[in-house]
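Student: Below you'll find the structure I mean.
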Amino acid sequence: MTRDALSCLGLCVTIFLALILQEFIPPLAGLEQARVILVPMIVCYAALALPFPFMLLAVLFGGMGMDLINLQWVDGKNGMVPEIAPGATIFYFLAVGLVCQGLRVLFLRGYWWLFSLMSGLSTSLLLLLQFVFISYRRFDTGGIEWSAVVLWRVFTPGLIAFLLAPLFHLLAYLTGRSLLPVGSRSRVFG
Amino acid sequence: MAKLNGILLALLILLAVVVTILSTGAVRSLHSGFMSVVSPFLNVGKAAQEQIGSVGKGLRTLEQIDAENRQLTVENRELRATVQILQDLEMENNRLRDALGYMERSKFRLVPAQVVSRDASTWWNTVRINRGFEDGVEVDRPIITDKGLVGKTVSVSKNIATVMLISDENCKVGAKVEGTREQGVSQGRRISSESKGEIELNFLTKQAELPPGAEVISAGVTGGVFPPGLKLGTVKSFRQRDLDGQALIEPSVDLSTIRDVFVIVSEK
């Protein structure tokens, strides 16, 4: 329990640092201004590695952090309102977390690529849902505008998360061995 | 254990629902509080980023000169911005259009600010600046540089503010084309592969036939956020639509590289 609590604390700190770091990573000029988004990857890691109660905590922290740091205020009928309500990403991460919990047994048996897969999927799906939602909100100014640029911006961050996930797993192993679940550590690297 | 998990899950969902349905005022307070907590880390990150950039350029031994130079550059740009506003005032006076009112509106108090970070979100065009309500900055304040309009503040916390750039689809500015009677509403494009940003000027007359290079300035709508005379950019192209004309505007400020900006905090 203490090990899991420490793992959760460490991952929450990592989520916070990722929120800050994301702000300083410039958009990828050669890839249609796609961004590098790290938080969904870390939430996936927490959801795959930690027991259910701690997964919920990571989901709450990651979702709230993402919502608040990205909160966009737009003109509404009675003054400015958030374009996407805070709390939306908590629900999204909860759904992702529940799927990850279902895969947790496999992850702890050494199927580390599930982490990569879930990271990539959850990052792209988050961006896709955001795009669909704001398109719905701005329906009077054009509705959904699909283009190659949209696809680049949705799928490139997912691909980057997919590729970064194994490195993150390796880095966590190399730098914080005690913070990793025993199963995944012994099967993947041991 | 399963029962405990169920209770915790229900609690999380309840909490998320509560957060989702919070009143706008409560969300603003929550957001402001969060950004106040985050701002020291963003400032440290910016300093670290600059330090790394400085090392990369081999200017480590010239740090003091660099700092002084930057301070002077900021002062210089503030003066140039003020001069531009005064020039606009003079032009407007010469045209004898609402002279008295314009004089009132053109006397701005500017607060210099630096861009701390650029929003990591994919679908919105915003930056964060290192000024907040402690510096007299409020929501809906225009942000300018000596080259023209940058955007407006949309959220303000203690010492950090988020600026919606004019290249964002939600940032709408009443604008007119210099040398013509054409007026329209500018807004950014939802999706643009241009890093500098692109702006559309909508609701022009179909017969406008604007030449490339024509200057576009803010029109200064009564009760609006943006004062008149601030340069938005130049016309890149014009096209006729079914009901109106639309011009594509190249912003006068390179929105992807801006570092020093000014907040118009008050009109005397």
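The values are calculated or read from the model by the stated rules, or taken from the named source; none is laboratory data. Keep in mind that what you see is a predicted model, and the values were worked out from it rather than measured. Note that each Cβ is placed from the backbone with ideal geometry, even for glycine, and that neighbours are counted across all protein chains shown.
Student: Sort out which residues of region B:50-105 are at pLDDT below 65 and surrounded by 11 or more Cβ atoms within 10 Å (Cβ to Cβ), and write them in order of number.
Tutor: Residues satisfying the conditions are B:SER54, B:LEU59, B:ARG60, B:LEU62, B:ARG97, B:ASP98, B:ALA99, B:GLY101, B:TYR102, B:MET103, B:GLU104, B:ARG105.
Student: Let me ask something else. Out of curiosity, is B:THR205 in contact (Cβ under 8 Å) with a residue 12 or more places away in the chain and either assigned by TED's automatic domain parsing to the domain that holds B:VAL74 or closer than 27 Å to A:VAL149 by Cα (or both)?
Tutor: no
Student: Right, here's the next one. Just for helices (runs of 4 or more DSSP H) wholly inside region A:1-90: which have at least 1 residues that are farther than 29 Å from B:VAL139 by Cα and facing chain B (nearest Cβ under 7 Å)?
Tutor: Because the criterion is at least 1 residues that are farther than 29 Å from B:VAL139 by Cα and facing chain B (nearest Cβ under 7 Å), the helices (runs of 4 or more DSSP H) in region A:1-90 that meet it are A:52-69.
Student: In addition: Mind checking whether some residue in region B:111-120 is surrounded by 19 or more Cβ atoms within 10 Å (Cβ to Cβ) and polar (S, T, N, Q)?
Tutor: Yes.
Student: Scan A:LEU11, A:LEU57, A:LEU38 and give me the residue that is within 25 Å of A:ALA95 (Cβ to Cβ) and at pLDDT below 90.
Tutor: A:LEU11
Student: Name every residue in region B:4-54 that is more than 14 Å from A:ASP67 (Cα to Cα) and among the aromatic types (Phe, Trp, Tyr), in order of residue number.
Tutor: Within region B:4-54, just B:PHE41 meets the criteria.
Student: Of the residues A:PHE131, A:PHE115, which single one is aromatic (Phe, Trp, Tyr) and at the interface with chain B (Cβ under 9 Å from one of its Cβ atoms)?
Tutor: On inspection, the qualifying residue turns out to be A:PHE131.
Student: Among the residues of region B:11-22, is any outside any helix (DSSP H, G or I), in contact with a helix residue (DSSP H, G or I) (Cβ under 9 Å, 6 or more places away or on another chain) and either away from chain A (no Cβ under 14 Å) or modelled with pLDDT of 80 or more (or both)?
Tutor: yes
Student: Here's something else I'd like to know. In region A:125-136, is there at least one residue being modelled with pLDDT of 90 or more, more than 25 Å from A:LEU31 (Cα to Cα), within 15 Å of the chain's Cα centre (by Cα) and surrounded by fewer than 21 Cβ atoms within 10 Å (Cβ to Cβ)?
Tutor: No; the residues of region A:125-136 include none that is modelled with pLDDT of 90 or more, more than 25 Å from A:LEU31 (Cα to Cα), within 15 Å of the chain's Cα centre (by Cα) and surrounded by fewer than 21 Cβ atoms within 10 Å (Cβ to Cβ).
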